[in-house]
Structures are given as C-alpha cells and as structure tokens.
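The values are calculated or read from the model by the stated rules, or taken from the named source; none is laboratory data. Fair warning: this is a prediction, and the values are worked out from it, not measured in the lab. Because the Cβ atoms are built from the backbone with ideal geometry, glycine has one as well, and the counts that use them run over all protein chains shown.
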Amino acid sequence: MLAVVKAETARKEMGKVQLVSRAFRSTDTVVEVGNCKIGGGNIVVIAGPCSVESEKQMIHTAVLVKSFGATMLRGGAYKPRTSPYSFQGLGKDGLKMLIRAREETGLPFVTEVIGVETFDEVEESADLIQIGARNMQNFPLLQRAGKSKKPILLKRGMSATLDEFLMAAEYIMAGGNPDIVLCERGIRTFDTTYTRYTLDLSIIPVVKALSHLPIIVDPSHASGKWCLVEPLAKAAIAIGADGLIIEVHHNPERALCDGDQSLKPGKFGRLMSSVQKILATV
C-alpha cells in the first residue's frame, strides 16, 4: 500500500513538494540536536512542562525526566494563547531558566518561537526551535526559520492537510535549512467531548512514504487529558514515529498552562517503561 501511495503521490507532486520529498532524497534525514539524533531509526523522547514557570521547576523537572530516560527537554518561554488574559510565558527570563536546566543536566532543549521579532533570541538559546501549530502557515516565520542554522521542530496545524504540512516544511527547506523534524499533534474534528483533538496516527506511515524528514508525535496536545497520553504514545511508537514530545509537570493541578494533559513524573516513568518494551519488539 505504501509503495503505491509513494509512487502515485510522488508523480502528482513533482514540481510541487520537491526538497522534502522522497523523490528528492531517498534516504532518511537524521537531524542532530546536541548529542541526540532524530530519524533513521533513532528514537527521541522530549519531555518537560508546557511552560517555564521558575528556574527551580525547570531544573527539578529536567533532572527527573532525564532519570527516566528522556533525551531532550521541552519548555515554553513564549506562549501563544487563545485568550489574551492567559499566561503568556516568561520570555527572556524563561530562556535563561531553560539554559540553566541544560547546564545542570546536559539535556538539549526545544522551545517555541512565536514571531519573527523574537526569533534571534530564541535561536541564540535553543537547541531545537519549535514552530507551533498556530504558526504552521506563518510564512514570514517559516522563511526566517529557513535562514537559521538551528534545527526546526514544525508542528502540524490543527486544521492542516498533509499537503499543507509538507509545503510548510518546504518553505523552511527552500530557505536553506535542511534540519526539520515534523510533529503530528492532533487535528480539529467534530468531536471535542472526550479528546481535545483527534490524533492522526495514519499520517506517520504516509509521511514516511512521501518524505525523508523524521516525524514525532505529541500525544499531550492531541488528547488534552493525561490519562490518554500513555496509550497514544505507545501507539505512535508502534506505528513507526521517530519520537515523542510529552508534557510533564511536578504539580499539574497548579500548572500555569495545560495541567490537565501533563503527566506527573512517576507516570512519565511508567510511560517510558512501556515505550521501551514496544521498541524491543519492533
């Protein structure tokens, strides 16, 4: 099935999606972030809070997730929020706290950039720069990312088709930056009663057939509920994702952002054990 999808879509997309396609490069791209490799059989687990709240919180969380086997740290210094009254992040101070956590643990970190005007300071600090779902088609931001020397984590827009997702990555690669990690984080569908979004796991094998770029999965944002994160994470690894990005908070009930979908450290440890068992069988 994948061979048919690959051949037919490559034929139709020639001249459209070029640099990100298998037609351009047949071998898997491996993106190096610090001492981590993503893609080509290398599995990455990125973990940490949705937003940076304090230096103590970041260092404490970084030490814990590393002890359970996480290979990278996440944390938002700048937060794009639906409501202008919600916590918007600590900005430059948050970046400094992420740097301190990296110094303490050796874990490279990913954090989100939300505009061209703050790109330089995020680029200077982060090991992996995230462009979030709300900015997937922010074309000036994509073009700026194409000029960066840092690898980019590009999240799928909540209503984006696969073609739109790949074309957003094409903007970055056409700008000169080949180090792109795709991220499936759930799409908006008609049912929001039991899950925040619908995790589109079918995109994983299709992306691998059409593109050489690695793709990871964010089950935290997709589900919106901590109790669904582990089963979705296991399914993502079983279907062939190149990694996971998981929200972990030491006290989710008091988190300033997305506490409902954040795992406590102990539950993250259990998730890591489950993922290791799956990796041993695939």
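Kindly provide the set of residues from segment 69-113 that are modelled with pLDDT of 95 or more, among the aliphatic types (A, V, I, L, M) and either touching a Lys or Arg at 6+ places or on another chain (Cβ under 6 Å) or assigned to a loop (DSSP other than H, G, I, E, B) (or both), ordered by number.
Within segment 69-113, 70, 107, 110, 113 qualify.
In segment 38-54, how many residues are crowded, with 18+ Cβ neighbours inside 10 Å and either among the acidic types (Asp, Glu) or free of Cβ contacts under 8 Å to residues at least 40 places away in the same chain (or both)?
Result for segment 38-54: 1.
Contact list please: Cβ distance under 7 Å, first residue in segment 215-244 and free of Cβ contacts under 8 Å to residues at least 40 places away in the same chain, second residue assigned to a helix (DSSP H, G or I) and of a type in the set (Gly, Ala, Ser), pairs at least six apart or on different chains.
Final answer for the pair search is 217/236; 219/233; 219/236; 232/222; 232/223.
Identify all residues within segment 123-147 that are over 19 Å from residue 182 (Cβ atoms) and outside any loop (DSSP other than H, G, I, E, B); write none if there are none.
Hits for segment 123-147 are 123, 124, 125, 140.
Being farther than 22 Å from residue 49 by Cβ and not aliphatic (A, V, I, L, M) narrows it down to one of 230, 164, 184, so name that one.
164
I want to confirm something. Restricting to segment 169-199 and keeping residues that are small (Gly, Ala, Ser) and part of a helix (DSSP H, G or I), which single residue is farthest from residue 243 (Cα to Cα)?
174
Matching residues to (1) surrounded by fewer than 24 Cβ atoms within 10 Å (Cβ to Cβ); (2) on the phi > 0 side of the Ramachandran plot; (3) in a helix (DSSP H, G or I):
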{"position": "201", "(1), (2), (3)": "yes, no, no"}
{"position": "204", "(1), (2), (3)": "yes, no, yes"}
{"position": "209", "(1), (2), (3)": "yes, no, yes"}
{"position": "213", "(1), (2), (3)": "no, no, no"}
{"position": "216", "(1), (2), (3)": "no, no, no"}
{"position": "222", "(1), (2), (3)": "no, no, yes"}
{"position": "227", "(1), (2), (3)": "yes, no, yes"}
{"position": "232", "(1), (2), (3)": "yes, no, yes"}
{"position": "235", "(1), (2), (3)": "yes, no, yes"}
